[in-house]
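K.L.:
One structure follows; several queries about it will come next.
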C-alpha cells in the first residue's frame, strides 16, 4: 500500500467548514427567532465556500479538480461492476462524484432562494426587494419546505454512505479528509499541497468573500 496525498489542505478546510455551516443552518432555521440572524450569516458563509470551491475545482490539487470527477456513464457502470480503474477510485469514486455534485447544486439552490426569500413576518433575504413578487413567493416556499428536506436527506445519505464504506469496505474516507492522505494499492498522481498553493487558496477565499459581500450589498 502507498500513502498518497489526495486532499490538499484548502479542500479539507472547505469540507469541514461546509459541514459546520450546514449544521448551523439546519439548527438556526428550525429554532427561528433571534437565531435567524445566525441563519443568514451561515448562509453567506456557505455561499462564500461554494464560490471558493467552484474556483478551487479549477486551481486546486489534482484530485480536487472538476476534471478528475469520474462522472461519465461508463465510469459509473464500471464502478458497479467492480471494474473501476485506480484513477477512478483515488479521489471521489463515480458514485461519490455524483453525490458531491448533487449536494453542491442543492446547497447552491438553497442559498440562492434564501437570498430572495421573505417570510412576511420578520425575516427577508437581502435581495428580496430586487426580485419579482412571484419569484419571492416561490423561493420562500422552496427554501422552507422542499429545499430543506432535500438538503437534510442528502446529508443523511452522505453520513450513511460514509458508515457503509467504513464498515463494509474498510475505507476510512473521513480520516482521509482530516489528514489528506489515502492508502492505495497503486501509485497515482498526488495532489500538490504546498505553502504556495495554500496561499493561493487564501487569496481565492478572500475574493469569494468580497464577491458575496458585494452581492448582498445590492439590496441595501
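K.L.:
Restricting the search to region 184-220, which residues are exposed (fewer than 12 other Cβ atoms within 10 Å of the Cβ) and over 20 Å from the mean Cα position of the chain (by Cα)?
P.N.:
185, 187, 194, 195, 196, 199, 214, 217, 218, 220
K.L.:
Return the residues of region 162-180 that are outside any helix (DSSP H, G or I) and at pLDDT below 95; say none if nothing qualifies.
P.N.:
169, 170, 171, 172
K.L.:
Report whether or not residue 104 is farther than 22 Å from residue 207 by Cβ, part of a helix (DSSP H, G or I), within 16 Å of the chain's Cα centre (by Cα) and modelled with pLDDT of 95 or more.
P.N.:
no
K.L.:
Something else now. Working only within region 181-212, note down all residues that are within 19 Å of residue 58 (Cα to Cα) and in a loop (DSSP other than H, G, I, E, B).
P.N.:
Across region 181-212, the qualifying residues are 189, 190, 191, 192, 193, 194.
K.L.:
As an exercise: evaluate residue 153 against (1) surrounded by 12 or more Cβ atoms within 10 Å (Cβ to Cβ); (2) in a helix (DSSP H, G or I) and give the number of the one condition it does not meet.
P.N.:
Single failed check for residue 153: (1).
K.L.:
Separate question: Output yes when any residue across region 53-60 is outside any helix (DSSP H, G or I) and in contact (Cβ under 8 Å) with a residue 60 or more places away in the chain, and no when none is.
P.N.:
Yes, some residue in region 53-60 is outside any helix (DSSP H, G or I) and in contact (Cβ under 8 Å) with a residue 60 or more places away in the chain.
K.L.:
Are any of the residues in region 120-127 assigned to a helix (DSSP H, G or I), without any contact (Cβ under 8 Å) to a residue 60 or more places away in the chain and surrounded by fewer than 18 Cβ atoms within 10 Å (Cβ to Cβ)?
P.N.:
no
K.L.:
Provide a single number: the residues in region 1-52 that are in a helix (DSSP H, G or I), under 30 Å from residue 189 (Cβ atoms) and at pLDDT below 95.
P.N.:
0
The values are calculated or read from the model by the stated rules, or taken from the named source; none is laboratory data. Source: prediction; values computed, not measured. Cβ sites come from the backbone with ideal geometry, for glycine too, and all protein chains shown count toward neighbours.
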